[in-house]
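Read through the structure below, which is laid out as structure tokens, and then see the notes.
The values are calculated or read from the model by the stated rules, or taken from the named source; none is laboratory data. Just so it is clear, the structure is predicted and the values come from calculations on it, not from any experiment. Positions of Cβ are backbone-derived with ideal geometry, glycine not excepted, and every protein chain shown enters the neighbour counts. Protein only, heavy atoms only, side chains kept; ligands, DNA and RNA dropped before computing areas. Shrake-Rupley method; radii C 1.70, N 1.55, O 1.52, S 1.80 Å.
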Amino acid sequence: MSAAAPTIAPVIAPIVALVGNPNCGKTALFNALTGSRQKVANYPGVTVEKKIGRLTTPAGRALLIVDLPGTYSLRARSPDEEITRDAVLGRLGGDVSPDLIVCVADASNLRLALRLALELKRVGRPVMLSLNMMDIARKRGIEIDAARLSRDLGLPVVSSVAVRRGGTDDLLREIDGALANLPPVGAASWSVPDAGELRGAQHEADRLLAASVRRDGERDAGTARADSVLLHPVAGLVILLAILFVMFQAVFAWARPAMEAIAEGFSWLGTLVGSAPLPDLLKSFLKDGLIAGVGSVIVFLPQIVILFFFILVLEDLGYMARAAFLMDRIMGGAGLHGRAFIPLLSSFACAIPGIMSTRVIDDRRDRLTTILVAPLMTCSARIPVYTLIIGAFIPDRDVWGFVGLQGLVMFSLYAAGIAGALGVSFVLKRLIWRHAAGEPFMLELPDYKIPQVKSLAIGLWTRATIFLKRAGTTILSMMILIWVLASFPQPPEGATEPAISYSLAAMIGSAIQPITEPLGFNWQINVALIPGMAAREVAVGALGTIYAIDGGEGAAEKIGQIVAGQWSLGTALALLAWYVFAPQCASTLAVIRRETGSWKWMWVTFFYMLALAYVAALATYQIARALGAG
Amino acid sequence: MGFRGRIRALAVERAGTGLPGPELERRLIELGFVEGADVELLHQGLFGSDPIAVRVAHATIALRRREAMAILVTDEVPA
Ligand SMILES: Nc1nc2c(ncn2[C@@H]2O[C@H](COP(=O)(O)OP(=O)(O)OP(=O)(O)O)[C@@H](O)[C@H]2O)c(=O)[nH]1
Ligand SMILES: [Mg+2]
């Protein structure tokens, strides 16, 4: 027996939790303290997960910082607030209650934060108050007597500016000091407050506020002026529609020069490989499989960047909560909760974060409805498919003098997705569940902020790298698969048909043919749809590879021309209709499973979308054919 | 619009909402609607003038009329 190994006491880093009202800048602080790049935006309910980061204080102390969803109290009314409650109280198995709670407050909007601070005092852990957004408070002439507030509240009070260099120095110093002499764990006296207690606490908070804060009371002048237009009952709605319209037009129109440049690059690369002294099979793999396949997807990077630019600017400005306000009645008519708007709008980028952000919706059925319809919103992965087909089949001319016809078709595809989502939620809520007039819509409208160039740039960069990483992993591997399927088995000696007709791909595509025949799909489309289940944009790359092997000549920028020559207009439109509705994304289905906690809802989503897609494509093709476009 | 007043009481039985009264009351309080707070009606929606955006003390809150019915307000207080 060997001697006992020297026991090393596990050094457990102290845990510091950031808790506060929605939109007070917790995540901005978290990012500043830990150097991470979690999502920050100017609307309540951005963070819906617990995030842990590490940092070492100037005094050399290692600690863990926890960023949490914003909340008005620890009562936890929705799934995101439950995460905060459990993290603060240490309820769940894995949750250790924090050694120190930093109550983050928006210094220009302290009233509700002070009530939360009073509530947090009862958790039995040391608490400190961080007056964040001090820059804004100062600019507005709000004077806070921090010493007085600290004395009255019985908590240490520091100021911070999360978005400025050095803006967290005081906070860090204070955290260091607090951790240096942690009191023994106190008794928790928190219990779910009733209305009387809450009222009492708010009155107490109002007294504290009156004693130590002086403000010339009024609203932020810029916000008031902007809202008089942007929240105007009529003008507000018109502007919202105009913004969405410009956004989708821009995705189509502004991106073109950059896309053409990228396509040129790939076609040059293809030619280069084509003329290299390599074995034919390897040449085909590089040229048709990798360059034509992956290249045809990367071409769409400019569009993705433009779309995200718009979404990020709207989020940072503080417009999202306004849009939810404007849309509340319209969405309510379809049975959707007002809070569903922001998740659905984020789904234009990608349904996955959209589905995650439904955690802010408290009612289970409201949340489920939103989750079920979110994949119908036109996500950015559909853009390549739409762009390819529109570019090939819709003439590039202006209507009414200023709107591009192609952009208009793009817009109507977005509209079709939205209409589909509203229709499905209507059927679910009003016809199947017969949900009574349920949950209230209550949402704080934050003041507008000028987006920061740096955080915009970081946001765009993050998005672009995610897209490129996908192109390099999921899409690349699918492309290799497609190339193999389309190249083997090789044609027999003396074959008369094009080589690809003998391949596995052709066999698979033809096997499905009877099912998709009524939709006007050919076997090439069938083959492209299958890997498209893994990621929608793969379909474009797959078509690139298949037609490249088929015709020999096709590089990334050529698929459009090839497709235009080979498909009828009816087929093209049917494929667009299919793409509006089809459940073509495995990761979305996985997230639905996780967020609903059941396989059932994942399959419900899959099959209802499949059915919608089939019917829509069928109707489109048959109508087009009847009109002579088959 | 532009109506200003001071909250006199919360009368949740007046709200035609799906939430139980005590729960609605707590939610309103958590958003700062307590007796004595100054409120001002800032904006309203197009359809049925719903929802509304209300300034309560230093925050702006959007909510539906249905729930707002529970907030009893004294008449104009001088600004
Ligand atoms: N000027 C200024 N802006 C800030 C400061 N801290 C945060 N912001 C901005 O305030 C907005 C909200 O910041 P977030 O960090 O997303 O807020 P949050 O508390 O994490 O919000 P939720 O996750 O929704 O609870 C963003 O637009 C930030 O850029 C600050 O100290 N000064
Ligand atoms: Mg956050």
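Taken as a whole, the condition of being open to solvent by 30 Å² or more (accessible area, probe 1.4 Å), within 24 Å of B:L46 (Cα to Cα) and more than 9 Å from chain B (Cβ to nearest Cβ) applies to A:V229.
Of note, A:L376 satisfies the criterion of being more than 14 Å from chain B (Cβ to nearest Cβ), buried (at least 24 other Cβ atoms within 10 Å of the Cβ) and in contact with a Ser or Thr (Cβ under 9 Å, 6 or more places away or on another chain).
When each of A:S275, A:S357 is tested for being open to solvent by 30 Å² or more (accessible area, probe 1.4 Å) and either within 14 Å of chain B (Cβ to nearest Cβ) or not hydrophobic (A, V, I, L, M, F, W, C) (or both), the lone residue that passes is A:S275.
Restricting the first member to segment A:58-75 and to residues that are away from every other protein chain (no Cβ under 11 Å), and the second to residues that are assigned to a loop (DSSP other than H, G, I, E, B) and surrounded by fewer than 24 Cβ atoms within 10 Å (Cβ to Cβ), the beta-carbon pairs closer than 6 Å and six or more apart or on different chains are A:A62/A:A13; A:L63/A:A13; A:L63/A:P14; A:L64/A:A13; A:L68/A:K50; A:P69/A:V48; A:G70/A:P22. The residue of segment A:33-43 that is nearest to ligand 1 (Cβ to nearest atom), among those that are buried (at least 23 other Cβ atoms within 10 Å of the Cβ) and within 21 Å of A:L317 (Cα to Cα), is A:V40. Checked against (1) closer than 14 Å to A:L18 by Cα; (2) within 12 Å of ligand 2 (Cβ to nearest atom), A:Y43 meets all criteria but (1). If you check every pair at least six apart or on different chains, which have Cβ atoms under 6 Å apart with a residue in segment A:474-498 that is in a helix (DSSP H, G or I) first and a residue that is open to solvent by 60 Å² or more (accessible area, probe 1.4 Å) second? From segment A:474-498, the pairs are A:L485/A:L504. Of all the listed residues (B:A9, B:A68, B:A62, B:A53), the sole one being aliphatic (A, V, I, L, M) and loosely packed, with under 14 Cβ neighbours inside 10 Å is B:A9.
Of all the numbered requirements in (1) open to solvent by 20 Å² or more (accessible area, probe 1.4 Å); (2) within 7 Å of ligand 1 (Cβ to nearest atom), A:C24 misses one, and that requirement is (1). Here A:L129 meets each of (1) away from every other protein chain (no Cβ under 14 Å); (2) under 30 Å from A:R219 (Cα atoms); (3) open to solvent by 10 Å² or more (accessible area, probe 1.4 Å) with one exception, condition (3). State whether one or more residues within segment A:54-65 are surrounded by fewer than 17 Cβ atoms within 10 Å (Cβ to Cβ) and touching a Ser or Thr at 6+ places or on another chain (Cβ under 8 Å). Yes, there is a match, as at least one residue in segment A:54-65 is surrounded by fewer than 17 Cβ atoms within 10 Å (Cβ to Cβ) and touching a Ser or Thr at 6+ places or on another chain (Cβ under 8 Å). Is it the case, given these coordinates, that A:A211 is at the interface with chain B (Cβ under 9 Å from one of its Cβ atoms) and either open to solvent by less than 20 Å² (accessible area, probe 1.4 Å) or small (G, A, S) (or both)? It is false that A:A211 is at the interface with chain B (Cβ under 9 Å from one of its Cβ atoms) and either open to solvent by less than 20 Å² (accessible area, probe 1.4 Å) or small (G, A, S) (or both). Only a single item in (1) among the hydrophobic types (A, V, I, L, M, F, W, C); (2) surrounded by fewer than 18 Cβ atoms within 10 Å (Cβ to Cβ); (3) at pLDDT below 85 is not met by A:F248, and it is number (2).
Would segment A:385-408 turn up any residue that is over 20 Å from the mean Cα position of the chain (by Cα) and within 14 Å of another protein chain (Cβ to nearest Cβ)? Checking segment A:385-408: not a single residue is over 20 Å from the mean Cα position of the chain (by Cα) and within 14 Å of another protein chain (Cβ to nearest Cβ).
Going by what's in this entry, would A:E204 be described as open to solvent by 60 Å² or more (accessible area, probe 1.4 Å), acidic (D, E), in contact (Cβ under 8 Å) with a residue 40 or more places away in the chain and within 14 Å of chain B (Cβ to nearest Cβ)? Considered against the rule, which asks whether it is open to solvent by 60 Å² or more (accessible area, probe 1.4 Å), acidic (D, E), in contact (Cβ under 8 Å) with a residue 40 or more places away in the chain and within 14 Å of chain B (Cβ to nearest Cβ), A:E204 comes out as yes. Annotation: A:G222 fulfils all but one of (1) within 14 Å of chain B (Cβ to nearest Cβ); (2) over 28 Å from A:A32 (Cβ atoms); (3) loosely packed, with under 15 Cβ neighbours inside 10 Å; the unmet one is (2). Does B:L46 qualify as being open to solvent by 50 Å² or more (accessible area, probe 1.4 Å) and either at pLDDT 90 or above or at the interface with chain A (Cβ under 7 Å from one of its Cβ atoms) (or both)? So B:L46 passes the test. Among the candidates A:R75, A:R91, A:R111, the residue that is at pLDDT 90 or above, open to solvent by 20 Å² or more (accessible area, probe 1.4 Å) and more than 26 Å from the chain's Cα centre (by Cα) is uniquely A:R75. Applying the set (1) in contact with a strand residue (DSSP E or B) (Cβ under 9 Å, 6 or more places away or on another chain); (2) free of Cβ contacts under 8 Å to residues at least 60 places away in the same chain to A:N181 leaves exactly one unmet item: (1).
Check whether at least one residue in segment B:21-42 is facing chain A (nearest Cβ under 7 Å), under 22 Å from A:L74 (Cα atoms) and in contact with a His (Cβ under 7 Å, 6 or more places away or on another chain), and report yes or no. Yes, segment B:21-42 contains at least one residue that is facing chain A (nearest Cβ under 7 Å), under 22 Å from A:L74 (Cα atoms) and in contact with a His (Cβ under 7 Å, 6 or more places away or on another chain). Of the conditions (1) away from chain A (no Cβ under 11 Å); (2) open to solvent by less than 30 Å² (accessible area, probe 1.4 Å), B:R14 clears all except one; give me its number. The number of the failed condition is (2). Picking from residues in segment A:99-111 that are closer than 28 Å to B:V39 by Cβ and away from ligand 2 (no atom under 16 Å from the Cβ), the one that is farthest from the other protein chains (Cβ to nearest Cβ) is A:A107.
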